[in-house]
Amino acid sequence: MSMSTPWQRTAEGAGLLSADGRVRASIFAEMSALAQATGAINLGQGFPDEDGPEEVLSAARSAISGGMNQYPPGIGLPVLREAIAEHQARFYGLEVDADHETLVTAGATEALAACILSLVEEGDEVVTLEPFYDAYGGLIALAGGNHRTVPLRLPHFQPNHDELRAAVTDRTRLILINNPHNPTGTVLPQETLELIVELAHEHDALIVTDEVYEHLTFGQQHIPIATLPGAWERTLTISSGGKTFNTTGWKIGWVTGPARLLTQVLAVKQFLTYVNGAPFQPAIAVGLGLPDAFFTGIAADLRTKRDVLSAGLANAGFEVFESQASYFVVADAAPLGYTDAAQLCRELPELAGVVAVPISAFCHDDLGAEYASLVRFAFCKRVEVLELAAAQLGDLRR
Ligand SMILES: *Cc1c(COP(=O)(O)O)cnc(C)c1O
């Protein structure tokens, strides 16, 4: 690698450097600006347009009124770490020590940053699925790592096991997975998770798993990879309150895993934000302790929204790939005559008053022509908004 500063590597890794070395806006910034400028319905960025549970919101208000407004402990408030440990036991049967095996972070994003920066050395390989959440590329580059990807194959966006085996080698330091998966809404089956654990053992790699959509699955039970035999000791599991409790602006995330690894992650985390969100931490603790009906309720609600948007997209002439989880559904614009999704997304506000993001924004270069016409739509919006978007997209065909 040529001499470069961390920001140059990161901008390059995230595909933000233009040929003349200047930083371009990411497609997400470009699309959000477009939504703002045109007043189009924003199905681009994944944030809900409704508030989460009142118990959680009022717990944050009380914490502020109650004076919880100074630096919390570096590893997070005990009440939240205990709630995280209880949550792992209640939903997954995982025994997690609240004091040594949980770490509170500024969202899943800081958790990812601290895990990658602390565990990846210059030249190490990090294997991810592709398409991948955009931060992964930037953070791997920031750490000086080499990013290798395993394509998710159409139509179900599953990795081919031979391609997975070929990607993981003795040079692999981390296997970074995202399950359930953004942007495709896919869920990795147990056999694939088992293979990942097997490969991690074979090549002495660590596993970092981003499970921020753990409660937003549509029918399947989420399987944390850390629950599989032989996984715990080499796995760091990341989640966040943002997606589960409609509080994406609060940035309360966490990592669970063996104390030996978490200590390394903390060593970096302390110099990133140090701490964040004191009054939001006890509020997310309340959220994690809500009854089962809350968790089944949010998944059922989101499933209805998925169905409304998916039907609308199919009706508009897109080929829709069934989303099994997350906030997102992928649709192919090729049947409508649009083979370049990036171009379509630039025109979509004008054509249909809707903003969406091309799947190419989550890919390195060319995953191939079959991905070029794919668009990601967010359905974490009110049903009437989704119905309006679907109706407007219905005009595309004419
Ligand atoms: C939203 C999202 C994140 C970021 O979570 P924060 O808690 O907001 O930092 C991380 N990973 C994936 C896959 C996401 O979709």
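Can you tell me which residues in segment 56-92 are farther than 19 Å from V275 by Cα and among the aromatic types (F, W, Y)? Within segment 56-92, F91, Y92 meet the criteria.
When R9 is tested against (1) in contact (Cβ under 8 Å) with a residue 40 or more places away in the chain; (2) touching a Gly at 6+ places or on another chain (Cβ under 9 Å); (3) surrounded by fewer than 19 Cβ atoms within 10 Å (Cβ to Cβ); (4) of a type in the set (D, E, K, R), exactly one condition is not met: (3). Considering only residues in segment 235-262 that are among the hydroxyl-bearing types (S, T, Y) and assigned to a strand (DSSP E or B), the one that is farthest from C380 (Cα to Cα) turns out to be T235. T304 falls short of the stated requirement of being out of contact with any Asp or Glu (no Cβ under 7 Å at 6 or more places or on another chain), outside the structural domain of F132 (by the TED database) and assigned to a loop (DSSP other than H, G, I, E, B). Could you list all residues from segment 266-301 that are open to solvent by 50 Å² or more (accessible area, probe 1.4 Å) and not in a helix (DSSP H, G or I)? Q270, F271, L272, T273, Y274, G289, P291 - these are the residues of segment 266-301 that are open to solvent by 50 Å² or more (accessible area, probe 1.4 Å) and not in a helix (DSSP H, G or I). Every test in (1) open to solvent by less than 20 Å² (accessible area, probe 1.4 Å); (2) at pLDDT below 95 is passed by D395 save one, and that test is (1). Scanning for something open to solvent by 40 Å² or more (accessible area, probe 1.4 Å), farther than 24 Å from V308 by Cα, within 22 Å of the chain's Cα centre (by Cα) and assigned by the TED database to the domain that holds S310, does segment 32-47 turn up at least one residue? Yes, because at least one residue in segment 32-47 is open to solvent by 40 Å² or more (accessible area, probe 1.4 Å), farther than 24 Å from V308 by Cα, within 22 Å of the chain's Cα centre (by Cα) and assigned by the TED database to the domain that holds S310.
Each row is one residue, and each column tells you yes or no for (1) at positive phi; (2) within 15 Å of the ligand (Cβ to nearest atom); (3) outside the structural domain of T149 (by the TED database); (4) not in a strand (DSSP E or B).
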site	(1), (2), (3), (4)
P180	no, yes, no, yes
P183	no, yes, no, yes
E191	no, no, no, yes
L195	no, no, no, yes
V212	no, yes, no, yes
G219	yes, no, no, yes
P229	no, no, no, yes
E233	no, no, no, yes
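Report yes if some residue within segment 153-161 is of a type in the set (A, V, I, L, M), open to solvent by less than 20 Å² (accessible area, probe 1.4 Å) and either within 27 Å of A60 (Cβ to Cβ) or touching a helix residue (DSSP H, G or I) at 6+ places or on another chain (Cβ under 8 Å) (or both); otherwise report no. So far as segment 153-161 goes, no, none of its residues is of a type in the set (A, V, I, L, M), open to solvent by less than 20 Å² (accessible area, probe 1.4 Å) and either within 27 Å of A60 (Cβ to Cβ) or touching a helix residue (DSSP H, G or I) at 6+ places or on another chain (Cβ under 8 Å) (or both).
Filtering segment 85-109 to residues that are surrounded by fewer than 23 Cβ atoms within 10 Å (Cβ to Cβ) and within 14 Å of the ligand (Cβ to nearest atom) leaves A106, T109. Of all the listed residues (A372, A389), the sole one being buried (at least 17 other Cβ atoms within 10 Å of the Cβ), touching a strand residue (DSSP E or B) at 6+ places or on another chain (Cβ under 7 Å) and assigned by the TED database to the domain that holds A35 is A389.
Scan segment 320-332 and give yes if some residue there is within 16 Å of the ligand (Cβ to nearest atom), surrounded by fewer than 24 Cβ atoms within 10 Å (Cβ to Cβ) and hydrophobic (A, V, I, L, M, F, W, C), otherwise no. No: segment 320-332 contains no residue that is within 16 Å of the ligand (Cβ to nearest atom), surrounded by fewer than 24 Cβ atoms within 10 Å (Cβ to Cβ) and hydrophobic (A, V, I, L, M, F, W, C). Cβ separations smaller than 9 Å between residues 6+ apart or across chains give the following pairs from segment 28-45 residues that are under 21 Å from A391 (Cα atoms) to residues that are of a type in the set (S, T, N, Q) and exposed (fewer than 14 other Cβ atoms within 10 Å of the Cβ): N42/Q36. Contact map, segment 246-268: residues that are under 21 Å from I298 (Cα atoms) paired with residues that are within 12 Å of the ligand (Cβ to nearest atom) and acidic (D, E), Cβ distance under 9 Å, separation 6+ or inter-chain. Pairs shown: K251/E110; G253/E110. Take T169 and decide whether it is within 16 Å of the ligand (Cβ to nearest atom) and either in a helix (DSSP H, G or I) or at pLDDT 95 or above (or both). For T169, the condition - within 16 Å of the ligand (Cβ to nearest atom) and either in a helix (DSSP H, G or I) or at pLDDT 95 or above (or both) - is not met.
This table checks each residue for (1) of a type outside the set (G, A, S); (2) under 21 Å from the mean Cα position of the chain (by Cα).
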{"site": "E319", "(1), (2)": "yes, no"}
{"site": "G353", "(1), (2)": "no, no"}
{"site": "A356", "(1), (2)": "no, yes"}
{"site": "A361", "(1), (2)": "no, yes"}
{"site": "D365", "(1), (2)": "yes, yes"}
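Checking the stated criteria, D365 turns out to be surrounded by fewer than 16 Cβ atoms within 10 Å (Cβ to Cβ) and more than 22 Å from P180 (Cβ to Cβ). Restricting segment 116-150 to residues that are within 16 Å of the ligand (Cβ to nearest atom) and assigned to a loop (DSSP other than H, G, I, E, B) leaves a set whose member that is surrounded by the fewest Cβ atoms within 10 Å (Cβ to Cβ) is Y133.
The values are calculated or read from the model by the stated rules, or taken from the named source; none is laboratory data. From a predicted model like this one, the values you see are computed outputs, not experimental measurements. A quick note on method: Cβ atoms are made from the backbone with ideal geometry, for glycine too, and the neighbour counts reach across all protein chains shown. Side chains included, ligands, DNA and RNA excluded: accessible areas come from the protein's heavy atoms. Shrake-Rupley method; radii C 1.70, N 1.55, O 1.52, S 1.80 Å.
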